[in-house]
1. To the nearest 0.05, how large is the calculated FRET efficiency for Asp262 and Asp43 if R₀ is 35 Å and r is the Cβ-Cβ distance?
2. List the trypsin sites (Lys or Arg not before Pro) within the stretch 109-165 that DSSP assigns to loop and that have no more than 14 neighbouring Cβ atoms inside 10 Å.
3. Taking the Cβ-Cβ separation of Ile13 and Glu219 as r and a Förster radius of 25 Å, what is the calculated FRET efficiency to the nearest 0.05?
4. Taking the Cα centroid of the stretch 26-57 and of the stretch 247-267, what is the distance between the two, rounded to the nearest whole Å?
5. Can you list residues from other chains, or at least 5 along the same chain, whose modelled amide H is less than 5 Å from the amide H of Ile268?
6. Once both labels are modelled 7 Å past Cα along the beta-carbon direction, what's the Met120-Leu82 spacing in nm?
7. Just grab the label-to-label distance for Arg151 and His249, each label 7 Å out from Cα along the Cβ direction, in nm (one decimal).
8. With N denoting the number of residues in the stretch 4-108, provide Rg(C-alpha) divided by 2.2 N^0.38 Å, to two decimal places.
Amino acid sequence: MKTVAEIMVSMPIVVEVPGSRSDAINIMVRHKLTGLPVVRASDGQLVGIVSRKDVFTKFDEDQLSLIMKKDVIRVSPDTTILEAAKIFIEKRIHRIPVVENGKLVGIITPTDLLDEVKNMKTTMTAEDVIRVRCVTSYEGEPLSYTIAAMRVSGVSALPVLNAKGKLVGILTDRDLFIDQTKDVQAMKAMGIEDACESLAGFRNVLPLFYVATEKNIPEELIVSNFMIKNPVTVYKKTSLSEVARIMKHNDFGQIPVHGNKDELVGMIYDVDVLCALVGNINES
């Protein structure tokens, strides 16, 4: 059985405490990451983990120590990938630090395990492992409402429907971080230092900018302006190995699932796909 040491990312990028929200945002945007281990500057000890979701939901806090999660699940390099998969599925987390002799030596994410699912033969399909209630958004909805809905529901992605109930897009928390068109002053106001063409942009970071600066999001900003149009979907009978291939190829953390008549039936997440490795937790 493969171990975590064989698939983990060694010497992961980290953020240090003492530190600020801006420190975490800068590093995540610069390296296109969704989360970071947090280490103590004095001795390099792992003290927490912070994700873009943590930053997004705690924008009233500036100190990184108050934003990060402190009770961190960790594994050792000799932990099997099966054990790691079970943790991801049961806890629905998206990164696990790998620690040896008290020191951070790596990090593992569901993406690191998708190759294992992609290369296996499984009879399990997308509909077998949909485990989270699907929260949707309307394309004409004010962005201010949608951001609040994402916070309250705790979901990181919303399928977007039109007035006829047809899936026309998807909006994820990633879309609130990554860039399209730069606006240096807006980025500096958010605390992002390296506001340049290769780093942070304006279109997708704009919602986050309004939240961070406690400004009201203009009513004319609606979901359709920010969503990814015509998203990739999978059929409910698609095998998990194929879902894993699509996720890995496109760097997706989730994919909308459609039924026989192209109707939306739910969302499948990367942690759900890992059920192919350990069995369907829905049946336990």
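1. Once the sixth-power term is evaluated, E becomes 0.05.
2. Lys121, Arg133, Lys164
3. Efficiency for this residue pair is about 0.10.
4. Result: 29 Å between the Cα centres.
5. The answer is Ile255, Val257.
6. Using points 7 Å along Cα→Cβ, the separation is 0.9 nm.
7. 3.8
8. Taking N as the residue count of the stretch 4-108, the ratio is 1.03.
Every number in this text was worked out from the coordinates using simple rules, so none of it is lab data. Quantities reported herein were computed from a predicted structural model and do not represent experimental measurements. Counting neighbours? That spans all protein chains shown, and the Cβs are built from the backbone with ideal geometry, glycine included.
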